[in-house]
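Right, one structure below, let's go through it.
The values are calculated or read from the model by the stated rules, or taken from the named source; none is laboratory data. Quick caveat: nothing in here was measured; it's all calculated off a predicted structure. Neighbour counts are summed over all protein chains in view; Cβ atoms, including those assigned to glycine, are modelled from backbone coordinates with ideal geometry. Quick note on the areas: whole protein, heavy atoms, side chains included, nothing else; ligands and nucleic acids left out. Shrake-Rupley method; radii C 1.70, N 1.55, O 1.52, S 1.80 Å.
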Amino acid sequence: VQKGLVRAIGVCNFSIKKLEALMGVARLPVSVCQIEGHPYFRNEALVRWCQDRGIHVTCYSPFGSPDSAAMMRRESRKLLEEPAVHAIAKRIGRDVGQVLVRWAIQRGVSTLPKSTSEKRIVSNLDVYTFELSASDMSTLSTLSYQCRMVDPPEWLSPSTGPYRKYEDLWDEPPPSRAG
């Protein structure tokens, strides 16, 4: 910072509380906050808070991290199998991934779709020639099921911290895991 090599700060998985603490002491602005974001975990309050302060939001796991339930030993729904997403995709002639990436873009966030398939990578980029209707956006933005998918227990370290409990990591109580 003193040498002028840093112009802004980017953070990942910061809550509003953590961002406020950082911004209270940082000499440089926070310009990007990368967080989980998809219709099954919209993270609306944090997205709105960042946007109100000119902090760009990048959302990872736009497909709801389909393999995370097995990796993190929990039950959860799969966004890629959500009937509402399939219905929208079928009606507009797009695939489910394109619908989810476009939903993120229309929310005003950038997103990081992950794929190892060249065909899906190309498809995930083909999202600028269409828009979701207000009705489709509303449908995806009001799905009642909400679950943080990327929430590995390995991030907690009860004896050595800094994240000893769920509340230390996310600044909120752990959610109910009903599927």
Relative contact order, percent, the chain [alpha-carbon distance under 8 Å, six or more residues apart] = 22 percent
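Using just the alpha carbons, could you tell me how many Å³ per residue the convex hull of the stretch 109-179 encloses? Mind dumping the intermediate values first?
Numbers: hull volume 11.8 nm³, N = 71.
Measuring per residue, one finds 166 Å³ for the Cα hull of the stretch 109-179.
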Theoretical FRET efficiency, 1/(1+(r/R0)^6), r = Cβ-Cβ of Ala87 and Glu44, R0 22 Å, to 0.05 | 0.45
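Using alpha-carbon pairs under 8 Å, 6+ residues apart, how would you state the relative contact order of the stretch 14-100 in percent? List each step's numbers first, then the result.
Numbers: 84 pairs, mean separation 20.4, N = 87.
Reported relative contact order: 23 percent.
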In terms of the charge dipole of the stretch 28-179, which places +1 on Lys and Arg and -1 on Asp and Glu at the beta carbon, the residue among Cys147, Pro175, Trp103 farthest towards the positive end is Trp103
Here P(r) for the stretch 22-113, Cα-Cα distances in 10 Å bins, as whole percents, is 16, 42, 28, 12, 3
Considering only DSSP beta bridges where both residues belong to the chain, give the percentage that are antiparallel (nearest 5).
-> 10 percent
Specify which residue in the list Leu112, Phe41, Gln2 is farthest towards the positive end of the charge dipole of the chain, using unit charges on the beta carbon of Lys, Arg (+1) and Asp, Glu (-1), about the Cα centre.
-> Gln2
Can you list which of the GluC sites (Glu not before Pro) found in the stretch 1-89 are DSSP loop residues with at most 10 other C-beta atoms within 10 Å?
-> Glu75
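Given an 8 Å cut-off on Cα distances and at least 6 residues of separation, report the relative contact order of the stretch 92-179 as a percent. If you can, show how the numbers build up before the last one.
Numbers: 47 pairs, mean separation 16.8, N = 88.
Once normalised by length, the contact order is 19 percent.
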Val11 long-range amide H proximity, modeled H, under 5 Å = Val32, Cys33, Gln34
Whenever you get a sec, compute what percent of the accessible area on the stretch 1-121 sits on carbon and sulfur atoms (1.4 Å probe).
-> 54 percent
Bins of 10 Å from zero: percent of alpha-carbon pairs in the stretch 46-159 | 12, 41, 35, 10, 2, 0
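Can you work out the accessible area per residue across the chain, with the rest of the protein chains kept in place, probe 1.4 Å, in square angstrom?
Working: 10250 Å² over 179 residues.
Ligands and nucleic acids excluded, the result is 57 Å² per residue.
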About its Cα centre, how strong a charge dipole does the stretch 1-148 have in debye, to the nearest 20, once Lys and Arg get +1 and Asp and Glu get -1 at the Cβ?
-> 400 debye
May I ask which residue of Ala84, Thr160, Gly64 lies farthest towards the positive end of the charge dipole of the stretch 36-179, with charges of +1 (Lys, Arg) and -1 (Asp, Glu) on Cβ and the Cα centre as origin?
-> Ala84
